[in-house]
Structures are given as C-alpha cells and as structure tokens.
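Colleague: Before anything else, here's the structure in question.
Only the coordinates and a few stated rules stand behind these numbers; no lab work does. What you see is a predicted model; the values in this text were computed from it and never measured.
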Amino acid sequence: MFQTENRILFFGVFVGAAGGFALFCWRRYAKPGNFLSLQEKWSTTRDDDNQDNKEAVTVLQCRELQVLEKLGSLLRNVDELKEEIWFLKETLAKLEEQIKDELGGKKDGWKVSPLHRSLKKKKSDTNKVTVEYPRSEEAESERGYITAQTDTEVGSENEPEVANVKAEKSRMIKEQAELLCLLQKADANHNGFVSEKEEGFRMMLNKQDKFGNKVEFLWRLARAYSDMFYLTNDAEEKKNYVTNGKNAAGKAIQIDNSSAAGHRWYAIMCGYMSEFDNVQNKIKNGYLFKEHLDKAIQLHPQDPLQYHLLGRWCYAVSQLSWIERKVAAALFGNPPTSTVNEALHHFLKAEEMQPGYSKYNYVFLAKCFKDLGQKSVALKYCDDASAMPSVSKEDLDAQKELETLITSLRP
C-alpha cells in the first residue's frame with residue numbers, strides 16, 4: 001500500500017510540473033490582449049497581403065486557434081486530475097488509519113487528515129453521549145467533496161471492547177493448552193510408579209481451584225484419590241480419600257451426565273465406600289455402583305476395566321449370604337441378584353477385549369471356574385496370573401488371593 005501511495009505522489013508531482021508548464025504557456029499566449037493583438041496582426045495581414053496569401057493566413061489562424069483550444073482543454077484536465085490525486089491521497093490516509101486500527105496497532109504514528117481532526121475536535125467539543133453526524137453543508141470541504149464520519153472513528157469507540165474480547169480469547173487458549181498438558185501428565189503419573197502417583201495426586205490438588213469445573217479434570221482427580229486409597233494402609237486416610245474422590249466424580253457427572261469416565265469412577269468410589277459403611281449404606285452403595293457402571297458401559301462399551309468391575313459386582317452379589325439378601329430386601333424392597341456365570345461372562349469379556357488385562361482378572365476367572373467345579377481350568381488361570389509380575393499395589397493384593405486360591409485347588 002505504501003508503494004502505491006509513493007507512485008501516486010510521484011505521479012502527482014510529475015503532473016503538477018507539467019500543469020505548471022502548461023499554465024505558463026496559457027498565461028503567456030492565451031491572454032485576451034494577446035488574442036486581440038493576434039487578431040489585429042491577422043487583420044492587417046489580410047489588408048496588406050494579396051489574395052494568394054489570404055488562404056495560407058486563414059489556415060494558420062485556424063490551426064493556432066485549435067492549438068490554443070486544445071491547450072486550454074489540457075489545462076482543465078490537468079486541474080481535474082490534480083483534484084482527483086488530492087482526493088486519492090486523502091482517501092489513502094484514511095484507509096491506512098482504518099487498517100492500522102483493525103490490526104490493533106498504535107494510531108499515534110499514522111497520519112490523520114485535517115478533515116478527520118476537525119470532525120474529532122467537533123465531537124469532543126459537544127460532550128454528548130449520542131453521536132451527531134455533520135450536515136452535508138457542514139461536511140463539505142473547500143474542494144467540493146462531501147464526507148461523513150468514517151468507520152475508523154466509529155470503530156475507535158469500540159476498541160476497548162474489542163481488545164477485551166481478544167484478551168479473553170487469548171486467555172482461554174492458554175488455559176486450554178495448560179489443561180491439556182496437565183491431563184496428559186496426570187495420565188502418565190497414574191500409570192507410573194508409587195512416587196509418580198503421589199506426585200500426580202499433589203499436582204491435581206494444586207490445580208483444583210483453577211480447573212475444578214472441568215469434567216476431564218474432575219474424573220482424573222477422582223482417579224488420583226483412588227491411587228492414594230491403594231497406597232495407604234491407614235483406615236482413616238482411606239476413608240477420606242474415598243469420600244473426596246466420590247465427591248469429585250459426582251461433580252463430574254453433575255456437570256456432564258454423558259461422561260463415561262465420570263460414571264465409572266463414581267461407581268468405583270461407591271465400591272470403596274462399602275469397606276467403611278454400615279450394612280444399609282453398603283447395600284445402597286452397591287446399587288449405586290451397578291447403576292453408574294451400567295451407564296458407563298452404555299456410554300463407552302470398549303473399556304475392559306468396566307467389564308472387569310461388573311464381573312466383580314456380579315461375583316460379590318452371587319456370594320451374598322441369606323441374611324444379607326433379607327436385609328437388602330427389607331431396606332430396598334428388591335435385593336440385587338446375580339450368578340457366578342454372569343460374573344464369568346464379564347471377566348471373559350474383559351480378557352477377550354484385552355488379553356492378559358490384569359492379574360486380578362485372572363484370579364477372578366480362576367475363582368469362577370472353581371465355584372463351577374472346573375478345577376483344571378481354574379488352575380490354568382492361576383498359572384496365567386502367577387506368570388504376570390506384581391507391579392501395582394492391586395497386583396500385590398491379587399497375588400495374596402492367588403496364593404490362597406492355589407492352596408485350595410491343589411490337594
């Protein structure tokens with residue numbers, strides 16, 4: 001744009017010089033007195049010369065008049081062209097100022113036309129809230145052009161609002177990037193060693209105030225509480241972790257009921273709560289466990305963990321004593337029911353989706369086949385479980401149950 005303006009200005013200087021030269025010629029030869037003197041000369045010539053020269057003089061006179069007429073027309077065109085160039089220069093200045101405003105740059109270093117300055121001064125002098133546009137006769141400049149308040153001047157009033165919108169958008173982008181980085185690190189810490197799980201838990205707590213209304217953050221916070229639940233042996237600490245984790249997962253599904261992970265971890269926390277509650281609350285949490293786990297499977301049926309958890313629920317219900325069923329019936333009217341076969345189906349489903357899914361899944365497969373009287377198959381799964389290393393606290397618990405199970409299967 002600046003190169004275009006330079007060309008126009010150069011062209012204007014060139015035309016101005018040509019116009020000055022043409023004007024000099026016009027003033028030198030096109031004055032009324034000069035016209036009269038020429039006519040007098042031509043008249044004298046016609047009287048003194050013979051008839052043969054009259055035609056040549058007449059032709060010369062016509063040609064000179066034509067040249068003068070064309071010169072006058074050229075000068076008028078030059079003046080009009082200079083007017084248009086001046087208008088283009090003023091328009092370019094306004095256009096530069098408008099583009100600078102749209103790009104969010106500073107306006108101090110940009111040229112402002114005299115007409116703009118006069119209009120802005122008039123606006124500031126009125127001290128009115130409403131914008132008053134100048135009448136056509138007031139806005140007419142000395143060169144005959146009618147101007148109105150430009151978009152740049154109107155847009156300048158909204159600059160603070162536009163700047164706030166841009167700043168808010170930038171803040172949201174940075175916050176989203178920070179959240180994404182945090183979630184990725186939380187996933188890595190969850191799959192790491194004990195020290196990494198503890199580090200991940202502290203990291204999530206530190207960011208709770210900032211991201212405590214984000215679903216993806218909340219269910220991972222509940223998962224971090226689950227990690228800490230497994231890492232401690234203190235009963236009171238376990239209960240606190242479970243309570244806080246259940247609250248976090250509950251908030252996640254309250255914000256977004258379609259979050260499969262939110263329902264999954266809420267179900268898990270309900271299962272943990274059964275270790276600390278009385279019989280009534282244990283049964284209540286059992287119902288909540290099944291309800292939210294079914295919802296999680298409905299929303300995300302490709303997760304083997306959910307089928308493993310459902311298998312454990314079915315197996316636990318199949319092992320309920322007569323008195324426990326009676327209590328459930330008295331409290332809730334319809335006690336939960338399930339069978340070992342249903343539990344086996346879900347454990348096999350998890351194994352089918354991800355072979356060698358977990359040490360605990362093999363242990364429960366062995367338990368199911370043992371209860372169904374298929375000891376040889378149960379031992380096979382015990383061998384599979386024994387072949388897997390014990391990495392997590394859950395694996396260590398599974399190893400303890402596995403040793404007891406193997407003892408009961410072998411004579």
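Colleague: From the C-alpha gyration tensor of region 243-385, pull out the three semi-axes of the equivalent ellipsoid (sqrt of 5λ each), sorted largest to smallest, in whole Å.
Modeller: Ellipsoid semi-axes (Å, largest first): 26, 21, 12.
Colleague: By what distance, in whole Å, do the Cα atoms of region 188-299 stretch along each of the three principal axes, largest value first?
Modeller: That gives 35, 33, 23 Å along the principal axes, largest extent first.
Colleague: In Å and on Cα atoms, what radius of gyration and Dmax does region 317-411 show?
Modeller: For region 317-411, the Cα-based Rg and Dmax read 15.1, 45 Å.
Colleague: Scan around residue 256 for amide H atoms under 5 Å from its own, H built in the peptide plane at 1.01 Å from N, and keep only partners 5 or more places away or cross-chain.
Modeller: It is none; the list stays empty.
Colleague: As a quick test, which of the pairs 214/238; 375/400; 169/251; 326/359; 290/367 have an alpha carbon distance above 30 angstrom in this structure?
Modeller: 326/359
Colleague: Can you work out ³J(HN,Hα) from phi for every residue in region 178-194, in order, using Karplus 6.51 cos²θ - 1.76 cosθ + 1.60 and θ = phi - 60°, giving whole Hz and x for Gly and Pro?
Modeller: 5, 5, 4, 4, 5, 5, 5, 5, 5, 5, 5, 5, 4, 8, x, 7, 4
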